[in-house]
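> Below you will find the structure I want to go over with you.
The values are calculated or read from the model by the stated rules, or taken from the named source; none is laboratory data. Note that the structure is a prediction, hence the values are computed from the model and not measured. Ideal geometry is used to build each Cβ from the backbone, glycine not excepted, and the neighbour counts take in all protein chains shown.
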């Protein structure tokens, strides 16, 4: 029976995942199964039964016209571009690790500011400035080295999956179904993690307010700033790791997208929707780093941490506006 | 010598509609009946059968519904003939009588 399923899987492998194709496959499998069972009950051996079923299956060209997939039968994806279940599992796992890696790296970059802030506070409180400056600077650069190091390492490790970005891959239905189930399982913790991340970012200024209200000294003031970076750092960690993990599931599930009928495979879908205008494109490419810089510079100069986060809200609105300025279609 | 699938292709619909006229049925059951009634001389391919179902359903000659085999309880897609299908069947029968008449004049 497995042999028949595999045979049918292979016949259908390069076809798009449309409802019509799915139905055809289910019906054909049903007929083949029935015939196989009957042949077995008539006393045929396993091999004889399989042989007869496959020899009497016919030709997919015959149904291609009915399913509107003639072009796909002719111009099917080249051989060797199938993503097996094992590869899909490996991809999910590797991308999970990469998500954690990148998120960890970014988190280190964000919380790198905690060291100098705390050190500065101790200096204000009366400790020797040479010592605190040194400790602050060393911790800052250590964190940066750690963060950048992790990001580079992760990118090198996951570069083996770069092929997923620019080659046509298809998966069998069973693989897609497996990934779908895995995603359903992960969805719950994705929602929890993402929510936690957002909440942490939003409440990041609370330590500053609370400490300020309770007892304002040099130490507590800067602890508020340090707390903000810690909250945002952990929040961003949760956001990035959950989002990119989701991305890898969506990528696999998008491989046999029903929209890819008629030879329009993933490369078409995955084309970056960038604005045509080169100036706008240039602005958008450096948009968020610039916003972050403005946020940090403004916040450090004024120490208005309790309100400066609103820069991100404004920036978000402006970005939406910029995106709509010119149709996203490229 | 086996039967030529090119020649019989035009009458696959007729054969299937004849069987569905008797009672609603499903894929394998129909292919089995075709084999038996033709004394094992015609074995219809699965893809041919599915293609015919698909086409005739689109033309409104047959309708499909989810049914259960009363004997073993297996769930199958059943097909039943419509009035349009019955009319089409009659038409094809007349066409065949005429075809047979003509072709036979040239058969020794």
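> Hey, does the range B:16-33 have a residue that's free of Cβ contacts under 8 Å to residues at least 12 places away in the same chain, assigned to a loop (DSSP other than H, G, I, E, B) and touching a strand residue (DSSP E or B) at 6+ places or on another chain (Cβ under 9 Å)?
Within the range B:16-33, one or more residues are free of Cβ contacts under 8 Å to residues at least 12 places away in the same chain, assigned to a loop (DSSP other than H, G, I, E, B) and touching a strand residue (DSSP E or B) at 6+ places or on another chain (Cβ under 9 Å).
> For the range A:60-73, indicate whether the set of residues that are part of a helix (DSSP H, G or I), more than 13 Å from chain B (Cβ to nearest Cβ) and either surrounded by 17 or more Cβ atoms within 10 Å (Cβ to Cβ) or modelled with pLDDT of 80 or more (or both) is non-empty. So that I can check it myself, show each step before the final result.
First, pick out the residues of the range A:60-73 that are part of a helix (DSSP H, G or I): A:61-67, A:70-73.
From what is left, the residues that are more than 13 Å from chain B (Cβ to nearest Cβ) are A:71-72.
Filter once more, so that each one left must be either surrounded by 17 or more Cβ atoms within 10 Å (Cβ to Cβ) or modelled with pLDDT of 80 or more (or both): A:72.
Looking through the range A:60-73, at least one residue is part of a helix (DSSP H, G or I), more than 13 Å from chain B (Cβ to nearest Cβ) and either surrounded by 17 or more Cβ atoms within 10 Å (Cβ to Cβ) or modelled with pLDDT of 80 or more (or both).
> Confirm whether residue B:49 is in contact with a helix residue (DSSP H, G or I) (Cβ under 7 Å, 6 or more places away or on another chain) and modelled with pLDDT of 90 or more.
Taking the combined requirement at face value, the residue satisfies it.
> If you don't mind, another one. Name the residues in the range A:16-25 that are under 15 Å from residue B:79 (Cβ atoms) and more than 7 Å from every other protein chain (Cβ to nearest Cβ), would you? Walk me through how you get there before you give the answer.
Here is the first cut: in the range A:16-25, the ones under 15 Å from residue B:79 (Cβ atoms) are A:23-24.
If the condition is that a residue be under 15 Å from residue B:79 (Cβ atoms) and more than 7 Å from every other protein chain (Cβ to nearest Cβ), then A:23 is the only one that fits.
> Would you be able to say whether some residue in the range A:153-174 is in the same structural domain as residue A:238 (by TED's automatic domain parsing) and closer than 19 Å to residue A:115 by Cα?
From the range A:153-174, those in the same structural domain as residue A:238 (by TED's automatic domain parsing) are A:153-174; that's our starting set.
Still in the running and closer than 19 Å to residue A:115 by Cα: none.
Checking the range A:153-174: not a single residue is in the same structural domain as residue A:238 (by TED's automatic domain parsing) and closer than 19 Å to residue A:115 by Cα.
> Sticking with this structure for a sec: Go through (1) surrounded by 20 or more Cβ atoms within 10 Å (Cβ to Cβ); (2) more than 8 Å from chain A (Cβ to nearest Cβ); (3) within 24 Å of residue B:6 (Cα to Cα) for residue B:50 and report which single condition fails.
Against the list (1) surrounded by 20 or more Cβ atoms within 10 Å (Cβ to Cβ); (2) more than 8 Å from chain A (Cβ to nearest Cβ); (3) within 24 Å of residue B:6 (Cα to Cα), residue B:50 comes up short only on (2).
> Sticking with this structure for a sec: Being more than 12 Å from chain A (Cβ to nearest Cβ) and under 11 Å from the mean Cα position of the chain (by Cα) is the filter here, so list the residues in the range B:26-47 that pass it.
B:33
> Does residue B:18 meet the test of being within 11 Å of another protein chain (Cβ to nearest Cβ) and crowded, with 17+ Cβ neighbours inside 10 Å? Please lay out each step first, then the result.
On the way: within 11 Å of another protein chain (Cβ to nearest Cβ): no; crowded, with 17+ Cβ neighbours inside 10 Å: yes.
Taking the combined requirement at face value, the residue does not satisfy it.
> Continuing with this model, one more query. Taking only pairs six or more apart or across chains, which ones have beta-carbon atoms under 9 Å, a first residue in the range A:118-139 that is in the same structural domain as residue A:208 (by TED's automatic domain parsing), and a second residue that is exposed (fewer than 13 other Cβ atoms within 10 Å of the Cβ) and part of a helix (DSSP H, G or I)?
Correct list of pairs: A:119/A:131; A:119/A:134; A:122/A:131; A:123/A:131.
> Another question about this same structure. Answer yes or no: is there a residue in the range B:62-76 that is at the interface with chain A (Cβ under 10 Å from one of its Cβ atoms), crowded, with 16+ Cβ neighbours inside 10 Å, modelled with pLDDT under 90 and under 17 Å from residue A:35 (Cα atoms).
Yes: the range B:62-76 contains one or more residues that are at the interface with chain A (Cβ under 10 Å from one of its Cβ atoms), crowded, with 16+ Cβ neighbours inside 10 Å, modelled with pLDDT under 90 and under 17 Å from residue A:35 (Cα atoms).
> Scan A:225, A:233, A:197 and give me the residue that is modelled with pLDDT under 85, buried (at least 20 other Cβ atoms within 10 Å of the Cβ) and part of a helix (DSSP H, G or I).
Working: A:233 fails: modelled with pLDDT under 85; A:197 fails: modelled with pLDDT under 85.
Just one listed residue meets the conditions, A:225.
> What is the one condition in (1) more than 21 Å from residue A:66 (Cβ to Cβ); (2) part of a helix (DSSP H, G or I) that residue B:49 does not satisfy?
(1)
> Please enumerate the residues belonging to the range A:38-58 that are buried (at least 16 other Cβ atoms within 10 Å of the Cβ) and at the interface with chain B (Cβ under 9 Å from one of its Cβ atoms).
Those that are buried (at least 16 other Cβ atoms within 10 Å of the Cβ) and at the interface with chain B (Cβ under 9 Å from one of its Cβ atoms): A:53, A:56, A:57, A:58.
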